[in-house]
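A quick write-up on the structure given underneath.
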Amino acid sequence: MALDNKLELDLEYQIDLAAKWLQEANYTVALTGAGISVPSGIPDFRSPGGLWSHFDPWEVCSTWALEHNPQGVWEFLLEAIDLFQKAAPNPAHKALADLEKQGILKAIITQNIDGLHQRAGSKNVIEFHGGCTQFYCHKCHKSYPFEQVYTLNKDTIPWLCSDCGGTIRPDVVFFGEQIPSKAMLLSQAFCSEADLALVIGTSGEVAPANTLPAMVKQRGGRIIEINLGKTAYEGVSDLKIEKGAEQVLPLILTKLT
């Protein structure tokens, strides 16, 4: 048998098995990372061409930067927001939204801040690291609408609070900050109920998000990993499909409808 044909058969078997496990599961959650949004045109921040290739994270995305370099923070934010707004949900985002509509997927726990899961139609999304759709003053916590932020230009930054003069920031976890307790507790609550976890587009290098699949595994649940290349979940996953999620998830969905 030719190698290409064998690979196709292996993929078909993996797709069938993943669909079978989804049908058997009582409670499924998904953990997603940067890899699911790469096909939408948002490179992983750490990859070549990603935002960290021309911004120093500590200089523009840290508690120190908010106090000492608000101009740099806002140069970074406007570029990031523009990138997110130009992107569109890809077939992987849409497939997860469809799984939720069917009642198969209970929640998405995402490390991404791009809002693409919500734009694809997913309702129960926990933004583990926050998101770029809500803004507030770092000093007095006054809320500011996203619509004002997206119309800003670089001649008007940094955007400062009209009440106290503090730097306005997105509701994102900056370097030096803790994961919001609500996001942590909700994520742990969902994983403590789950008997199946989909791990998609995340290498498992960032704590504490990388501990969540182990919660499912420890209580006897299964892990389906959809990732390219080596990850920290190699010894944890029960099934690893090494193809892009934008290809794999729609194929799994066809087996369920």
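The values are calculated or read from the model by the stated rules, or taken from the named source; none is laboratory data. Only a predicted model underlies this, so the values are computations on that prediction, with no experimental measurement involved. Counting neighbours? That spans all protein chains shown, and the Cβs are built from the backbone with ideal geometry, glycine included.
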Of the residues that sit in region 201-252 and are among the charged types (D, E, K, R) and not in a loop (DSSP other than H, G, I, E, B), which one is farthest from residue 40 (Cα to Cα)?
217
Checked region 11-65 for anything surrounded by 14 or more Cβ atoms within 10 Å (Cβ to Cβ), modelled with pLDDT under 90 and more than 19 Å from residue 175 (Cα to Cα); matches are 43
Residue 198, sole failed condition from (1) hydrophobic (A, V, I, L, M, F, W, C); (2) crowded, with 16+ Cβ neighbours inside 10 Å; (3) at pLDDT 95 or above; (4) more than 30 Å from residue 239 (Cβ to Cβ)
(4)
By residue number, the members of region 66-79 that are surrounded by 19 or more Cβ atoms within 10 Å (Cβ to Cβ) and either part of a helix (DSSP H, G or I) or in contact with a strand residue (DSSP E or B) (Cβ under 8 Å, 6 or more places away or on another chain) (or both) are 66, 70, 73, 74, 76, 77
Unmet requirement for residue 115, which otherwise passes all of (1) closer than 30 Å to residue 193 by Cβ; (2) in contact with a strand residue (DSSP E or B) (Cβ under 9 Å, 6 or more places away or on another chain); (3) surrounded by fewer than 18 Cβ atoms within 10 Å (Cβ to Cβ)
(3)
In a helix (DSSP H, G or I) and out of contact with any helix residue (DSSP H, G or I) (no Cβ under 8 Å at 6 or more places or on another chain): does that describe residue 82?
yes
